[in-house]
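A.B. asks: Input: one structure, supplied below.
The values are calculated or read from the model by the stated rules, or taken from the named source; none is laboratory data. Values in this document were obtained by computation on a predicted structure and should not be read as measured data. Cβ: placed from backbone, ideal geometry, glycine included. Neighbour counts: every protein chain shown. Just the protein is used for accessible areas: all its heavy atoms, side chains included, with ligands, DNA and RNA removed. Shrake-Rupley method; radii C 1.70, N 1.55, O 1.52, S 1.80 Å.
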Amino acid sequence: AVLFRRVSGMSSSSSTVVYEGWMVRHGRRKIGRSFIHMRYFVLETRLLSYFKRKPQHKMPKLPIKSLHIDGNCRVEDRGLKMHHGHMLYVLSVYNKREKHHRITMAAFNIQEALIWKEKIEMVIDQQQGVVSPDGNTAFSSSQQNAGVENGRKSSSSDRDSQYSHEEEEEEEDNHRSLMRRTTIGNGPPESLHDWTRGNDTGISDQGSPAQVFSRGHWRLVRCQNGLRIFEELQDVDYLARSCSRAMKAVGVVEASCEAIFQLVMSMDTTRFEWDCSFQYGSLVEEVDGHTAILYHRLQLDWFSAFTWPRDLCYVRYWRRNDDGSYVVLFQSREHPNCGPQPGFVRAHIESGGFNISPLKSRNGRVRTQVQHLMQIDLKGWGVGYLPSFQQHSLLHMLNSVA
């Protein structure tokens with residue numbers, strides 16, 4: 001089913017319509033259970049509304065709900081929500097002067113949510129009078145450059161204002177009026193290391209004596225299945241037997257960042273098509289739209305008759321950067337609803353995740369660079385005496401990029 005469509009070449013009777021299509025209404029009833037309904041959304045130059053059915057021009061109907069769009073409106077990126085196993089990417093549009101009056105909408109994939117987000121922000125910019133004749137936002141390039149100068153890649157899903165608190169109050173208020181993108185996500189959880197930021201930061205947590213601080217230098221180990229496999233070089237002479245070195249796989253995939261991100265975030269049967277180390281996964285707790293606690297069982301093929309199966313309980317955090325790249329971070333975490341399971345050895349992820357970055361297209365084909373990093377301790381009494389088990393299992397997981 002087509003969930004939405006672009007509106008172009010509209011007739012004079014519907015010239016005010018900027019975008020329209022089917023989206024998901026997501027909410028929670030008074031008894032506590034969540035619900036989803038398909039609703040037809042219509043975005044006009046000054047109005048966002050939704051209907052139970054597609055409105056007909058000959059017989060117009062009153063919308064279920066509508067929101068007047070002006071320069072005080074904001075688009076709140078609420079991130080990812082789970083509903084009976086289905087992933088929903090939620091947006092909330094509201095007026096900052098009347099925050100109680102808002103419209104919440106969602107999509108089953110992030111491409112649709114991003115398109116609606118861009119369209120609504122464009123209408124907000126038009127009301128602020130900051131859109132150039134070619135349709136581009138006048139401040140977007142300078143804002144993005146400022147984000148790159150302040151720190152490698154600024155994030156549109158969880159960053160705070162980039163302007164100094166020492167500026168004059170009037171100028172600061174004007175700048176902040178242009179920052180329309182916010183989220184309910186509180187940024188990465190504490191102690192969760194973001195290995196994608198810079199090359200001079202360590203993979204491991206310095207606060208733990210079992211983990212080793214490193215400078216982020218890498219050595220090419222092998223090339224296989226179209227991937228480059230790297231191993232992190234440590235600045236120490238001794239590394240605990242149970243603690244493996246961080247390794248990462250780098251490959252180029254002919255698909256969009258959004259499509260790859262959708263696959264990486266899925267924990268359903270579609271994961272069997274590309275992740276040969278996946279056996280089972282479930283959601284333990286949804287912290288917010290960008291952070292969740294997950295339970296994961298590994299499918300390792302190294303002498304499975306003699307080794308106990310492994311499982312994981314870890315926190316997963318994600319964000320989308322302004323350059324269109326996606327970052328997904330993993331780290332093991334204890335949770336009262338995810339205790340040790342009988343028949344499984346609980347492995348420990350020191351650090352891990354995906355960095356999904358867009359590349360220039362070649363011969364009209366979309367290309368994306370995917371980096372998959374893992375530093376994992378598989379635990380068990382035999383891991384320290386059988387290093388081949390640790391390395392084989394780690395390569396088994398990294399090969400999912402291919």
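A.B. asks: Can you flag which of K54/K99; K61/K119; K61/K81; K119/K248; K81/K119; K52/K96 are past 29 Å Cα-Cα?
C.D. replies: Those over the limit are K61/K81; K119/K248.
A.B. asks: Could you give the nm distance between label points at D268 and H84, where each point is 7 Å from its Cα heading toward the beta carbon?
C.D. replies: Label-label distance for D268 and H84, simple model: 1.2 nm.
A.B. asks: Would you mind computing, in nm to one decimal, how far apart the modelled labels at R365 and E118 are, each placed 7 Å from Cα along Cα→Cβ?
C.D. replies: Calculated label separation equals 2.3 nm.
A.B. asks: What is the dipole size for the stretch 17-128, taken about its Cα centre, with +1 at each Lys and Arg Cβ and -1 at each Asp and Glu Cβ, in debye to the nearest 20?
C.D. replies: I would put it at about 760 debye.
A.B. asks: Also, quick follow-up: Select from L312, Q331, P342 the residue farthest towards the positive end of the dipole of the stretch 295-351; place +1 on Cβ of Lys and Arg, -1 on Cβ of Asp and Glu, and compute about the Cα centre.
C.D. replies: After comparing all options, I get P342.
A.B. asks: Given Cβ point charges of +1 (Lys, Arg) and -1 (Asp, Glu) and nothing else, what value in debye, to the nearest 20, does the dipole of the stretch 247-391 about its Cα centre take?
C.D. replies: Here the stretch 247-391 has a charge dipole of around 360 debye.
A.B. asks: With a 1.4 Å probe and all protein chains left in place, how much accessible area per residue does the stretch 17-128 have, in Å²?
C.D. replies: Per residue, the stretch 17-128 has 51 Å² of solvent-accessible surface.
A.B. asks: Moving on to the next point. Determine ³J(HN,Hα), in whole Hz, for all residues of the stretch 62-75 in sequence, where each value follows from phi through the Karplus function 6.51 cos²θ - 1.76 cosθ + 1.60 and θ = phi - 60°; x replaces Gly and Pro.
C.D. replies: These are the phi-based 3J(HN,Hα) values: 6, x, 5, 7, 9, 9, 6, 9, 9, x, 8, 7, 9, 10 Hz.
A.B. asks: Can you find, among S92, P60, W116, the residue farthest towards the positive end of the dipole of the stretch 17-128? Put +1 on the C-beta of Lys and Arg, -1 on that of Asp and Glu.
C.D. replies: Highest projection toward the positive end goes to P60.
A.B. asks: From the phi angles alone, apply the Karplus equation (6.51, -1.76, 1.60; θ = phi - 60°) to the stretch 325-339 and give each ³J(HN,Hα) in whole Hz, x where the residue is Gly or Pro.
C.D. replies: Ordered by residue, 3J(HN,Hα) equals 7, 10, 10, 10, 10, 10, 6, 4, 8, 7, 8, x, 9, 9, x Hz.
A.B. asks: Could the peptides 94-100, 46-52, 111-117 be put in order, highest first, of the mean number of other beta-carbon atoms found within 10 Å of their residues? Let's see the in-between values first.
C.D. replies: Working: 94-100: 12.1, 46-52: 17.9, 111-117: 20.0.
Ranking the peptides 94-100, 46-52, 111-117 by packing returns 111-117, 46-52, 94-100.
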